[in-house]
1. What length, rounded to one decimal in nm, is gained on full extension from residue 58 through to residue 303, with 0.36 nm per residue of separation minus their alpha-carbon distance?
2. Please list the non-local residues whose amide H lies under 5 Å from the amide H of residue 92, H modeled 1.01 Å from N, same-chain partners needing a gap of 5 or more.
3. Quick one: net charge of residue 88's neighbours, Cβ under 12 Å, K/R +1, D/E -1?
4. Largest first, how would 198, 183, 237 line up by accessible area (1.4 Å probe)?
5. With a Cα-only, solvent-free Debye model of region 196-296, what are the log10 I(q)/I(0) values at q = 0.17, 0.21, 0.23 Å⁻¹?
6. Would you please give the FRET efficiency between residue 67 and residue 184, computed as 1/(1 + (r/R0)^6) with r the Cβ-Cβ distance and R0 = 30 Å, to the nearest 0.05?
7. Provide the gained length on full extension for the span residue 135 to residue 175, in nm with one decimal, where the gain is 0.36 nm per separating residue minus the Cα-Cα distance.
8. Given Cα pairs under 8 Å that are at least 6 residues apart, what percent is the relative contact order of region 183-274?
Amino acid sequence: MENLQVPNQNQSNHNSTQQSTTPFSPEALLLSQQMSKQLTEKNNSDDEIDLVELWRAIWSGKYIIIVISIIFGASSVAFALSKPDIYKASILLSPASSDSAGGMGALAGQFGGLASLAGISLGGGGTDKTALALEIIKTRAFLETFIIKHELLVPLMASENWDRATDSLVINKELYDNINKKWLSKASASKSSEPSQWEAYQRLLSLLTISQDKTTSLVTIDIEFYSPEIAKQWLIWLVSDVNNFMREQDEQEAQASIEYLTKQLGNTEVSAMETVFYQLIEEQTKNMMLTKVSAEYVLKTIDPAQVPDTKAKPKRALIVVLGTMLGGILSILIVLIRHFTNSGKSTKPKEENLAEANRKL
């Protein structure tokens, strides 16, 4: 019998090793190197921004940037010119030197014990009348009364500009008929054609600015409006009306206090309490006298309101600069987004070809 020759295992392993180490073709090696290179570039692009590429993208889209910036610049010029001039009148005030609560505070410390025995409270220190007056100016009741008293509804709600040549307000003809003195806006079941007092109050409040220096206690009140003359006049009226309002309130309180103290004086039989009542009546009489003789009762004018010579706003140059800058920034973003979107579409087929070649390998 012939001896069968079994192939040597070492020989078969050697053959398989030789087969597995067979070198790739040059095309396969080239594709593999290109794919490795592109993967490396992609990883690097994820970690850092190529400034040169950004500059090239911006430069290639320079015409788009210029056109959009010009459009925004022209639009901002038109918008700035369409806005009417606003003038700001200011007045500087100080608290009135008289403090009607000072005497009452001293009496409260001196005779407070005796008054409490008779069931009468003299109170503590006086309230800050300046702060109270500033808060009253901003209240709805005061400003609505102010608008009605000085007939400010039409200037507030229907004016849209100021004619320097005629020194008169320009009234919106679609809102108000200045000849027939009639409002033209459409009325409904719940709203009349005439603006409400609430709307007028909100409008006037938006024109007012009140500030007080905590160090010097000086008060500054500003009013912004189309007409510089009207803004000044409104400031004068406002300060005068709040002084009159505070004077009338204190006068009524002083009169009521005098009547009450006089009545209590007739009912008391304690001599010490009679002294208290006489002192209180004296102080209230002084307060009554101050309300009669003091024209600037709470707020005293330091620097009176003047007709402003220059407008306060709009800042037309600033509007144009900001509008043009906004257009430039927006156009650059558009150019960059288009560039990177197109770049992503163009590199996608190359990546697919490399992936297909890698699968074939």
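The values are calculated or read from the model by the stated rules, or taken from the named source; none is laboratory data. Please read all numbers here as calculations on a predicted model, not as lab measurements. Because the Cβ atoms are built from the backbone with ideal geometry, glycine has one as well, and the counts that use them run over all protein chains shown. For the accessible areas, the whole protein counts, side chains as well, though only heavy atoms, and no ligand, DNA or RNA atoms are used. Shrake-Rupley method; radii C 1.70, N 1.55, O 1.52, S 1.80 Å.
1. 82.6 nm
2. Counting only residues 5 or more places away or on other chains, the set is 302, 303.
3. So the environment of residue 88 carries a net charge of -1.
4. From most accessible down to least: 198, 237, 183.
5. Log10 I(q)/I(0), no solvent term: -0.88, -1.08, -1.16.
6. It comes out at approximately 0.10.
7. Result: 11.2 nm gained on full extension.
8. Worked out over region 183-274, it gives 11 percent.
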